[in-house]
Amino acid sequence: MYKPFKFLTNNIYVLLVLSVLLVITSAFITYYNTREKKQSTQTVIRRYQSIGSSIQLLSLLKDMETGQRGYIITGDSEFLEPYNTAKSKIKAETDSLNKLINDNEPQMNLLEGRILAAIHNKSTDLESTINIVNTFGRDSAARRVDTKIGKAHMDTLRILVEDLIQRERALLSQQNQKLDRNTRLEDTIRFFAFTLIGLTSMMALIMLIQKQRSINELIDSLKKSNEELEQRVKDRTKQLVEANHAKDHFLGIASHDLKVPISGVLGLIELMNLENKNRPEKEAEYLSYMQDSCNNMQRLISNLLDVNRIERGATNIKKRDVNLKKLLTKLEREFSHQAKKKKIELVINSIDEVISTDLDALSRILENLLSNAIKFSAGDSRIHLRTTNIGDSIKFEIIDQGPGIPSEDIPKLFDKFQKLTNQPTGGEGSTGLGLSIVKELTNLLGGEIAVTSKVGEGTIFTVVITAK
């Protein structure tokens, strides 16, 4: 299908170029012919006028001759009126003829070299005969007429004028032939131009029909491919949904099965601490490590469950009255031991406020931020959780004196499973889930979270949520 398209396209381009060239040529010839026709019309008019002027000139001389003979025969001077009238017009008529043929040198030579001389001879002969009548009488004039000198002059003049007229007619014929040739050429070029345009249009139409057919076939093929692709996507989506359900089911079972033994281990550790508070330092240290490991494992499991619920859209925010003082006291009790182990001073200033929010979501936000602050802070430093009432909202600020966050890491802070430049200072593990959970839960509560940090000075995480 491609080769016929290419062949048609190339030929159409060639035909279009030829058509344009022929149309331009036709336009040029039309313009030239229009000018020629205008000039020819003027020339034709001049030719006809010159012919008429020549005939009129002969007619005036004949009128002079008729008036002269009438005067000779009758002696009546009234016959001299047409003679004198014709005589007075001869000069104007010869001047007019001169102007009409001054564009043709041979004609001018004939007029000025011979015709004017013949007119002069004829006029002189007629005038001399009238003078003879007036001086010697009609008989003498009649004898002069009988010599046929005047007739010879008239015949010569007639022949010369006829020659002039024939030449004018020949010029007129040449002009008409030239116009006919130009018109035939113009018509021929127009015919070829319109023929090529018609052929080009027909080929273009054929090409368009073929292309449309090809496009329709391509559309049908794309539709079939799209239907197959859609079916594959549906099948794959179904598989993914099933896999996701299986993953959620497995994660729920695994998390539950993991939580139970970890809770049991934590319970045994607490029981052992209660049974013997005077254990050797080494045993107490081991129990502390075991307790921390269990707490970290529980936190990891909670984070995984939180991420899973958020991704499934299964996190239901249920607002209720939350006593901030109780919540912050609970957090202080939970994290003070972890902070003391790293020789970190944990300061949580509490406010006696009751707000309407989701307790679990707010607890998870503050727990993750405090855990991160302790995890990335060095010993002999200070962490401050400052809570402030700002009208209809509550602002939580977690301020640490850790290493600070490089500027290139800040845009990636709240993405899942991000490994950043800073590492935990006590060898703790980090999954990169805590801050992404904080961000999602803050959004679900309709709040905002921001971070400011200076390398070497510390970091401030600010969470603002509505109090109602």
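The values are calculated or read from the model by the stated rules, or taken from the named source; none is laboratory data. These numbers come from a predicted model, not from an experiment. We work out accessible area using only protein heavy atoms, side chains counted, and drop any ligands, DNA or RNA first. Shrake-Rupley method; radii C 1.70, N 1.55, O 1.52, S 1.80 Å.
In whole Hz, with x marking every Gly and Pro, tabulate ³J(HN,Hα) for the stretch 45-56 from phi via Karplus 6.51 cos²θ - 1.76 cosθ + 1.60, θ = phi - 60°.
Each residue of the stretch 45-56 in turn: 4, 5, 4, 5, 5, 5, 4, x, 5, 5, 5, 5 Hz.
Could you tell me what percent of the accessible area of the chain is made up of carbon and sulfur, with a 1.4 Å probe and every protein chain present?
56
Could you state the angle between the C-alpha long axis of helix 281-312 and the longest principal axis of the C-alpha atoms of the chain, as a value from 0 to 90 degrees rounded to the nearest 10?
30
Determine the per residue accessible area of the chain with all protein chains present and a 1.4 angstrom probe, expressed in square angstrom.
Normalised by residue count, the accessible surface of the chain is 60 Å².
Excluding ligands and nucleic acids, what accessible area in Å² is computed for TYR48 using a 1.4 Å probe, to the nearest 10?
140
Leaving ligands, DNA and RNA out of it, work out the accessible area of VAL14 with a 1.4 Å probe and give it in Å² to the nearest 10.
80
Could you tell me the largest-minus-smallest coordinate of the C-alpha atoms of the stretch 24-113 on each of the three principal axes, in descending order and whole angstroms?
Taking max minus min along each principal axis of the Cα atoms, the stretch 24-113 gives 74, 23, 15 Å.
In degrees from 0 to 90, rounded to the nearest 10, what is the angle of the helix 116-136 Cα long axis to the longest principal axis of the chain?
30
Can you spot the lysines whose alpha carbon is less than 18 Å from LYS122's alpha carbon? Ignore those fewer than 8 places along the same chain.
LYS62, LYS87, LYS89, LYS91, LYS148, LYS151
For the stretch 325-337, what does the Karplus curve 6.51 cos²θ - 1.76 cosθ + 1.60, with θ = phi - 60°, yield as ³J(HN,Hα) per residue in whole Hz, taken in order and with x for Gly and Pro?
Here the 3J(HN,Hα) series is 4, 5, 4, 5, 5, 4, 5, 5, 5, 6, 9, 5, 5 Hz.
Mind listing the phi-derived Karplus ³J(HN,Hα) values for the stretch 184-192, rounded to whole Hz, using 6.51, -1.76 and 1.60 with θ = phi - 60°, and x for any glycine or proline?
4, 4, 4, 5, 5, 5, 4, 4, 5
Calculate how large, on average over all directions, the projected area of the Cα convex hull of the stretch 314-468 is; give the answer in nm² to one decimal. Write down the numbers at each step before the final one.
Numbers: hull surface 34.5 nm².
Dividing the Cα hull surface by four gives the mean projection, 8.6 nm².
Taking each pair of different alpha-carbon atoms in the stretch 350-391 once, compute 1/r for the pair, average those values, and report the inverse of that mean as the Kirkwood hydrodynamic radius in Å to one decimal.
Working: mean 1/r = 0.0813 Å⁻¹.
About 12.3 Å, per the Kirkwood formula over Cα pairs.
Compute the convex hull volume of the Cα atoms of the stretch 173-216, divide it by the residue count, and report the result per residue in Å³ as a whole number.
Details: hull volume 1.1 nm³, N = 44.
Dividing the Cα hull volume of the stretch 173-216 by its residue count gives 26 Å³.
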